[in-house]
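One structure is given below, encoded as structure tokens.
The numbers here are math on the coordinates, done by the rules we state, and not lab data. On a predicted model such as this, the values are computed, not experimentally measured, just so you know. In this analysis, Cβ positions are derived from the backbone assuming ideal geometry, glycine residues included, and neighbour counts consider all displayed protein chains.
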């Protein structure tokens, strides 16, 4: 296990789909003045790198070979008229944030995210960032694989019914059609896949604190985790 010898604070938030990990992680980072590490955006930046190199998206060996020299990190920059800095993703020093959400990038990110060499490369980059900065990182294997020495580990969860209702409400608010029962079934299947996948399965780290958000709103969850941080980090 790689020890965190720097005077930085690392907070790992893991949990199943729909538990509110990203929302809470961003809130914690904002309140603490830490960097929120968007691991999904880092995979998309890797996709841009591979696309620029002309790597065949169906050639896992080529993807594994070509990803080796990618340098991806996250920084914040001031925004005119706002007190909240804007997160930007840097690829080899270039700001590629505005190009992360294209369909082509998304397709390549989906392909490269399952390649072990890519996951190992991004794990290295994410750990490097965590050694230099105070970070909040969320996902499914942060406390167990990416930052096993994080000072604070949270396992955020909620009942399937609550998670399904949250997703249902999001879709309805966007004017999209949704079926609550279908969403619940999809979440259960996603949980099964995440918990049984051969590489970095979703599991609660032995030293993670379980926080069930079923009967809590965002502010209550945020305050609960801030309290845990206060009582844990010296």
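Can you pull the semi-axes for the stretch 95-221, root of five times each eigenvalue of the Cα gyration tensor, sorted largest first, whole Å?
In descending order, the three semi-axes are 26, 22, 16 Å.
Mind checking the alpha-carbon convex hull of the chain and giving the volume per residue in Å³?
149
Per 0.36 nm of contour for each residue apart, how much would the distance between residue 206 and residue 110 grow if the chain were fully extended, relative to their Cα-Cα spacing?
Computed gain between residue 206 and residue 110 is 31.6 nm.
Could you work out the mean projected area of the convex hull around the alpha carbons of the stretch 1-66, in square nanometres to one decimal?
It is 7.1 nm².
Could I have the simple spin-label model distance between residue 173 and residue 188, label points 7 Å from Cα toward Cβ, reported in nm to one decimal?
Distance between the two pseudo-spin positions: 2.6 nm.
Each label point is 7 Å from the Cα along the Cα-to-Cβ direction; what then is the distance between the points at residue 180 and residue 165, in nm?
With each label point 7 Å from Cα toward Cβ, the separation is 0.7 nm.
Set the Förster distance to 25 Å, then compute FRET efficiency between residue 232 and residue 102 from the Cβ-Cβ distance, nearest 0.05.
0.05
In Å and from the alpha-carbon atoms only, list the Rg and Dmax of the stretch 164-212.
14.2, 41
Report D for the stretch 38-133 in µm² per second (integer): Stokes-Einstein, Kirkwood Rh on Cα pairs, 25 °C, 0.890 mPa s.
For the chosen part, D equals 179 µm²/s.
Return the FRET efficiency for the residue pair residue 86, residue 217: r is the Cβ-Cβ distance, R0 is 22 Å, and the value is rounded to the nearest 0.05.
0.25
Based on DSSP H runs of at least 4 residues, each adding -39500 (n - 2.57), what is the mean residue ellipticity at 222 nm of the chain after dividing by all its residues, to the nearest 500 deg cm²/dmol?
Taking each H run of at least 4 residues, the total per residue is -14500 deg cm²/dmol.
Roughly how many nanometres apart are two label points built 7 Å out from the Cα toward the Cβ at residue 53 and residue 197?
Each label point is offset 7 Å from its Cα along the Cβ direction, giving 2.1 nm.
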